[in-house]
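Asker: Below you will find the structure I want to go over with you.
The values are calculated or read from the model by the stated rules, or taken from the named source; none is laboratory data. Remember, predicted model here, so these are calculated numbers, not experimental data. Ideal geometry is used to build each Cβ from the backbone, glycine not excepted, and the neighbour counts take in all protein chains shown. Surface areas here come from the heavy atoms of the whole protein model, side chains and all, with no ligands, DNA or RNA. Shrake-Rupley method; radii C 1.70, N 1.55, O 1.52, S 1.80 Å.
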Amino acid sequence: MLASVTIRDIVLIDKVEVSFETGLCALTGETGAGKSILLDALGLALGMRANASLVRMSDNGDNGDNGSPRASVAASFDLAADDAVFTLLADHDIAVPEPDEPLILRRNLDKDGRGRAFINDQPVSVALLRQVGESLVEIEGQFASHGLMDQSTHRNSLDGFANLKDAAHKVSILYREWRDAEIALTEAIAALEQNRTDEEYLRHALSELEELNPLAGEETELAETRALLMNGERLVTAMASAAKSLSTGDGVEDRLAAAQRALTHEVEAAAGRLDAVMDALAIANDAVADAEALLHRVMIDAEPDPAKLEFCEERLFAIRAMARKHNIAVEDLPTLRSNLEEKLAQIDDAGGLLQKLQAERDQAYESYKSNAHALSDKRAKAATKLDKAVAVELPPLKLEKATFTTRVDTVDEKDWGPSGINRIHFEVSTNPGAPSGPLGRIASGGELARFLLALKVVLHRSNAIPTLIFDEVDSGIGGAVAAAVGDRLAKLAETVQVLAITHSPQVASCATRHLQIAKTETKGVVTTNVSQLSDDDRQEEIARMLAGTHITDEARAAAASLMSREGK
């Protein structure tokens, strides 16, 4: 839930910190006191559109050098450890707060309209801030741009009401599998057509590679052999000299053997001191023998051989020329050969491959289609139940002549998508015989707010958003209708946190917490402040809402009666 909001330098607000609790919180104040400013400020923290005009002006009416350079709003939320928003944050590498620590959304706005967004003091995009904000707070009212006023939310609202989200998720997965299978088939057909166009070239290129038969690592081996043969005469001379040095006179091996013989009879007398010496002499003797053998082998390999050098050079130049022809590295020639063989195999077995991909596509299509139609049928049944549930809520809100309809239309196949085959939206008709239409176009401001309230009361169990804000839900109503609105807001607040910006004393009297928004003037400077009202202050504020500027004893008595009425 929303725990607190801290606002600095927003329009008439210098600095305000407001705390909230569970239940129904009423926000009241005289017209022009700044209730809309408070909502605009909260909207900033939730990622809504920013406007430089929100930055508080200076005393002389500008927000230039003498005005506030920056406005800021921070909204703090207390959430359950398993709240879905934490998964969203983890997906974007945003640190999740420790248990019992709040999640804080913050937005700064400069006087030139530029700003920065933060989640738990980590910089984020405004788009992510808005996505997180919309998952935590929903604003309903005649001027709201999201929530139930956004038709794109109606499908999810219906699915949540009917517990169809798992079925909808399955349809989404099946749609992706169908589209992926369709893409795979399309790409295979395109690749096959291109391969057939290039078939003659492919076969010729493969024939050349098969004839050349380049092997992995062959270039390195040929280059080393070529270098050895090109320097063979000089290398053989040097190696012969080295071999002579090892064998001239007594020879190194003979001298080492003589040293070993001289010490053999004294090993026992040395009490182990000569063991390491004898081992070293043995190793040296073996190493000399190995060196002589290697020298002899390399001398044979390096022996000048014009025919072998010519073959080596021709082979090396041939595979390098082949690599240049195909514009690849020499070591990639074996891979190129495999790729060409695979393309030609696809051409030779085109019928079988396409038949397999077509079968996979058709199976995916039928699976999606059957599940989407089943989901559509369930949605249609759920729509009837939703309409009946909303109809029960309308008479107490003085909308007994109005009708609410959930339209579940089946779209053409070209418009099928991951959410299924339906276009879903809510429509209303305010009078018998009048045509129905979208919520915002048919209902007046007061009617619209009551329709939204009726919907929210019905949908509240499927609503995952922990905080609801109703902006002037009582617009254009009073008396018993306003009392019914207050009762339903209180009912809704039993399961979610509800904030109601209201002009109705009947609605305000139903709240468990009451905040007053008021303007004050100090030394000619006007500011907006928010204060929590005690029971006595609540009674005075509700009396003001009943009587206007001049508060009478009768108004105070009426306010007390409202606050103590049954059900409170």
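Asker: Which aspartates and glutamates have a Cα lying under 13 Å from the Cα of Lys519, excluding residues fewer than 8 positions away in the same chain?
Answerer: Partners within reach: Asp14, Glu30.
Asker: Here's a follow-up. With a 1.4 Å probe and all protein chains kept in place, how do Lys369, Lys414, Lys15 rank by accessible area, largest first?
Answerer: Lys414, Lys15, Lys369
Asker: How much accessible surface does Lys325 have with a 1.4 Å probe, in Å² rounded to 10?
Answerer: Estimated to the nearest 10 Å², Lys325 gives 110 Å².
Asker: Would you mind checking Lys35/Lys165; Lys35/Lys398; Lys35/Lys385; Lys170/Lys356; Lys378/Lys401 for any pair whose Cα atoms are more than 32 angstrom apart?
Answerer: Values: Lys35/Lys165 36 Å; Lys35/Lys398 26 Å; Lys35/Lys385 37 Å; Lys170/Lys356 24 Å; Lys378/Lys401 28 Å.
Check vs 32 Å cut-off fails for Lys35/Lys165; Lys35/Lys385.
Asker: Using a Förster distance of 35 angstrom, determine the FRET efficiency expected from the C-beta separation of Leu344 and His373, and round it to 0.05. Intermediate results must be reported in sequence, preceding the final value.
Answerer: Working: r = 43 Å, r/R0 = 1.23.
Approximately 0.25, to the nearest 0.05.
Asker: What aspartates and glutamates does Lys111 reach when the alpha-carbon gap must be under 13 Å and sequence neighbours fewer than 8 apart in one chain are set aside?
Answerer: Partners found: Asp9, Asp62, Asp65.
Asker: Calculate, for Lys381 and Ala287, the FRET efficiency according to 1/(1 + (r/R0)^6) with r their C-beta to C-beta distance and R0 60 Å; round to the nearest 0.05. Don't skip to the answer; put the middle values down first.
Answerer: On the way: r = 90 Å, r/R0 = 1.50.
The value I calculate is 0.10.
Asker: Per-residue HN-Hα couplings for segment 13-25, Karplus 6.51 cos²θ - 1.76 cosθ + 1.60 at θ = phi - 60°, whole Hz, x for Gly and Pro?
Answerer: Residue by residue, segment 13-25 yields 8, 7, 8, 9, 10, 10, 9, 10, 9, 6, x, 9, 10 Hz.
Asker: Now a separate question. Multiply the residue separation of Ala84 and Ile173 by 0.36 nm, subtract the distance between their alpha-carbon atoms, and state the gained length in nm to one decimal.
Answerer: 30.0 nm
Asker: Compute the FRET efficiency between Ala557 and Glu413 as 1/(1 + (r/R0)^6), taking r as their Cβ-Cβ distance and R0 = 56 Å, and round to the nearest 0.05.
Answerer: So, using R0 = 56 Å, E works out to roughly 0.25.
Asker: Could you go through segment 190-197 in sequence order and give the Karplus-derived ³J(HN,Hα) for each residue, using 6.51 cos²θ - 1.76 cosθ + 1.60 with θ = phi - 60°, rounded to whole Hz, and x for Gly and Pro?
Answerer: Each residue of segment 190-197 in turn: 5, 5, 5, 4, 5, 5, 5, 4 Hz.
Asker: Cross-link partners among aspartates and glutamates for Lys388, C-alpha distance below 14 Å, same-chain residues fewer than 8 apart left out?
Answerer: Glu400, Glu427
Asker: If a paramagnetic tag sat 7 Å from the Cα of Gln131 along the Cα-Cβ line, which residues of segment 153-184 would have the backbone N under 18 Å from that point?
Answerer: Once the point is set 7 Å along Cα→Cβ of Gln131, 153 turn out to lie under 18 Å by backbone N, inside segment 153-184.
Asker: A follow-up question, please. Per residue, how much accessible area does the chain show when a 1.4 Å probe rolls over the protein heavy atoms, in square angstrom? Working shown, then result.
Answerer: Values: 30000 Å² over 568 residues.
I get 53 Å² per residue for this part.
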